[in-house]
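Asker: Handing you a structure now.
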Amino acid sequence: MRKIQFLFVAVACTLMTSCGNMNQVLSAIQNGSVINAITSVIGLDKVSAQNLIGSWTYNGPGCAFTSENLLAKAGGEVAAAQIEEKVKPYYQQVGISASNTQITFNQDGTFSSKIAGTNFSGTYTFDEASQQIKLKGLLLSINCYTKREINGISILFEAKKLLTVLQTMSALSGNANLQTIGNLSKQYDGVRIGFDMKR
């Protein structure tokens, strides 16, 4: 595994240094985003239906670009790491933490979750080809995407859809702070943002 990771980093560094972004690459290597970039490009970041089953706990902001171009994807992952750092204060402000943000996917197609302490449960379907998860609850139905990470998975939403989720949670919980996340949909249109999760 270490040899594979080293190979990923070497390829990413070669690509990025040709664009003059070596400092960004070196900083991104520390959190694994460059390895995530290359695994994303060669398709190793896919989550299987069986891998999805189980309980997952919030481990930090998640972010991904959707470009299919190898260079753009590697650069995008470096940029994604930077976006995650910018998103973190928003999440902290609304109180999203490991103690109150979790999701469990059950074998029978049901799920239960908490987002910033607000319960959300229902049924789900998962399309392995697109990595899309369709979550259907009593008051809210939403699509999200999953991606394998080094230490778990990411559950990601289109930025505007994340706003919808958090505004709904805000209305249910009375947590007005959740509405402050609305700026994300304006700043990161076209970027998937959500949660890095671990078991």
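Asker: Taking +1 at the Cβ of each Lys and Arg and -1 at the Cβ of each Asp and Glu, which of Gly152, Thr110, Leu140 sits farthest along the dipole of segment 107-167 towards its positive end, judged by Cα position relative to the Cα centre?
Answerer: The one lying farthest along the dipole's positive direction is Leu140.
Asker: Considering amide H positions built from the backbone, and no H for Pro or chain starts, which residues 5 or more places from Cys63, or on another chain, come under 5 Å of its amide H?
Answerer: Amide H neighbours of Cys63: Gly194.
Asker: On to the next question. Explain nothing, just the number: relative contact order of segment 75-129, from Cα pairs under 8 Å at least 6 residues apart, as a whole percent.
Answerer: After rounding, I find 22 percent.
Asker: If you don't mind, there's one more thing I want to ask. Quick one: which residues, 5+ away or cross-chain, put their amide H under 5 Å from the amide H of Ser97? H built at 1.01 Å from N.
Answerer: Ala116
Asker: List, in order, the whole-Hz ³J(HN,Hα) value for each residue of segment 162-167 obtained from phi through the Karplus relation with A = 6.51, B = -1.76, C = 1.60 and θ = phi - 60°; use x for Gly and Pro.
Answerer: Per residue, the Karplus-derived 3J(HN,Hα) values read 4, 4, 4, 4, 5, 5 Hz.
The numbers here are math on the coordinates, done by the rules we state, and not lab data. All figures in this text were calculated on a predicted structure; none of them were measured in a lab. Virtual Cβ from ideal backbone geometry, glycine too; neighbours counted across all protein chains shown.
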